[in-house]
1. Which of the helices (runs of 4 or more DSSP H) found entirely inside segment 162-244 contain at least 2 residues meeting this: within 15 Å of the chain's Cα centre (by Cα), surrounded by fewer than 24 Cβ atoms within 10 Å (Cβ to Cβ) and within 12 Å of the ligand (Cβ to nearest atom)?
2. Any residue at all in segment 123-141 that's out of contact with any Asp or Glu (no Cβ under 6 Å at 6 or more places or on another chain), within 16 Å of the ligand (Cβ to nearest atom), under 20 Å from Leu237 (Cβ atoms) and assigned to a strand (DSSP E or B)?
3. I'm trying to understand the selection: among the residues of segment 22-45, which are of a type in the set (Gly, Ala, Ser) and either more than 22 Å from Met1 (Cβ to Cβ) or in contact with a helix residue (DSSP H, G or I) (Cβ under 7 Å, 6 or more places away or on another chain) (or both)?
4. Residues Ser133, Ser137, Ser101: which one is polar (S, T, N, Q), out of contact with any Lys or Arg (no Cβ under 8 Å at 6 or more places or on another chain) and more than 20 Å from Arg215 (Cβ to Cβ)?
5. If Thr214 passes every condition in (1) within 23 Å of Glu327 (Cα to Cα); (2) among the hydroxyl-bearing types (Ser, Thr, Tyr); (3) touching a strand residue (DSSP E or B) at 6+ places or on another chain (Cβ under 7 Å) but one, which one does it miss?
6. List the strands (runs of 3 or more DSSP E) inside segment 1-78, counting only whole elements, that have at least 1 residues being surrounded by 15 or more Cβ atoms within 10 Å (Cβ to Cβ), free of Cβ contacts under 8 Å to residues at least 60 places away in the same chain and touching a Leu at 6+ places or on another chain (Cβ under 8 Å).
7. Among all residue pairs at least 6 apart or on different chains, which show Cβ distances below 8 Å where the first residue, located in segment 124-139, is in contact (Cβ under 8 Å) with a residue 60 or more places away in the chain and closer than 13 Å to Thr41 by Cα and the second is of a type in the set (D, E, K, R) and more than 10 Å from the ligand (Cβ to nearest atom)?
8. From Cys35, Cys24, which residue is more than 20 Å from the chain's Cα centre (by Cα) and under 22 Å from Val217 (Cα atoms)?
Amino acid sequence: MKTVTVNASKDYNIYIGNNLLDSCGERIKNELGVCSAAIITDDNVNALYADRAEKSLSCAGFRTVKFVFPHGEDSKSLGVYSDILNFLAENHITRSDMIISLGGGIPGDIGGFAAATFLRGIKLVQMPTTLLSAVDSSVGGKTAVNLSAGKNLAGAFYQPNMVICDYSTLDTLPPEIFADGCAETIKYGVILDKDFFEFLQNNDIKENIEYVITRCVELKRDIVDMDEKDLGIRAILNFGHTIGHAIEINSEFEISHGSAVAIGMVMASKAAYKTGMCGEDFSGVICETLKKNNLPVSCPYSPEELFKVSCSDKKRNGDTITLIVPEKMGKCVGKKIPVEEMLDFIKAGF
Ligand code: GLY
């Protein structure tokens with residue numbers, strides 16, 4: 001088992017190991033004390049893993065209650081969020097109790113937002129069960145729900161009190177969901193760690209899962225420690241996301257986040273080279289590493305289709321948009337360009 005400690009507005013430990021679900025009760029009790037624990041999860045994860053967590057929590061003396069919602073992005077809504085808050089109230093969850101978000105990014109984000117807001121904030125333990133949530137969304141305190149106007153538009157920065165990542169849960173992930181997490185994993189190498197990128201070029205992610213998750217979490221921890229509220233350096237975590245987001249929107253979210261980010265990383269690297277922002281074209285090596293991990297690398301939409309929606313991106317600030325591009329392998333930087341140059345940038349990515 002590996003432990004990574006985050007030192008943000010809250011200090012907390014991230015535990016990464018095999019079969020940690022079965023000992024989660026003792027671990028939480030030792031660090032956070034015994035209380036009532038409200039497990040927030042979706043129906044898929046509930047059927048696979050909730051029993052193990054509940055058993056361990058009960059053995060350690062926790063009273064557990066559980067809120068299960070249908071899996072899928074539609075559940076990351078104000079309606080489900082409100083149902084969770086009412087469930088917490090009806091089950092007498094108090095300020096000294098906790099939410100345990102068990103699952104992928106959706107239980108993590110909506111459970112986290114409920115923890116941030118119920119009684120103005122209660123304890124939160126994140127238990128990621130997808131590679132994407134293990135390496136990204138469970139760490140760093142971004143919590144949110146979607147509005148009809150767009151994804152993640154209502155939320156809070158709210159750090160968990162603990163993250164327990166039991167990577168045995170990744171065994172049941174469908175291959176395409178595992179691949180989604182591989183895209184974010186490869187992203188960390190490109191933006192922050194050349195040696196890690198080279199490791200991913202030459203090694204299998206599944207065979208090295210403990211090391212891979214730990215390295216991603218350490219890299220993300222370093223960024224969150226420096227810029228918890230996403231006012232500066234944290235933006236580099238959005239490498240591949242501006243074009244990726246435009247791809248997701250064009251596909252009406254049929255193309256998954258990881259696949260869209262994979263294509264976005266290839267296009268942003270190629271465009272950065274062709275427009276002179278970067279002295280080397282890294283799109284080839286990034287492409288090979290993504291393909292090795294069953295990720296798509298070419299864009300099914302035209303530059304114009306991407307441009308139309310890319311300018312509503314959160315990275316836009318008035319008349320400029322900040323693109324995250326590689327300066328060299330293992331170091332990405334933000335480059336501000338006028339919005340009217342965005343179409344040419346996208347075209348250069350093809
Ligand atoms: N997922 C990007 C971030 O946490 O900032």
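The values are calculated or read from the model by the stated rules, or taken from the named source; none is laboratory data. Note that the structure is predicted; figures quoted are calculated from it, not measured. Here the Cβ positions follow ideal geometry from the backbone for every residue, glycine too, while neighbour counts run over all protein chains shown.
1. Correct list: 209-226.
2. yes
3. Ser23, Gly25, Ser36, Ala37, Ala38
4. Only one candidate qualifies: Ser101.
5. (1)
6. It comes to 63-69.
7. Final answer for the pair search is Met127/Asp166; Thr129/Asp166.
8. Selected residue: Cys24, the only one of Cys35, Cys24 that is more than 20 Å from the chain's Cα centre (by Cα) and under 22 Å from Val217 (Cα atoms).
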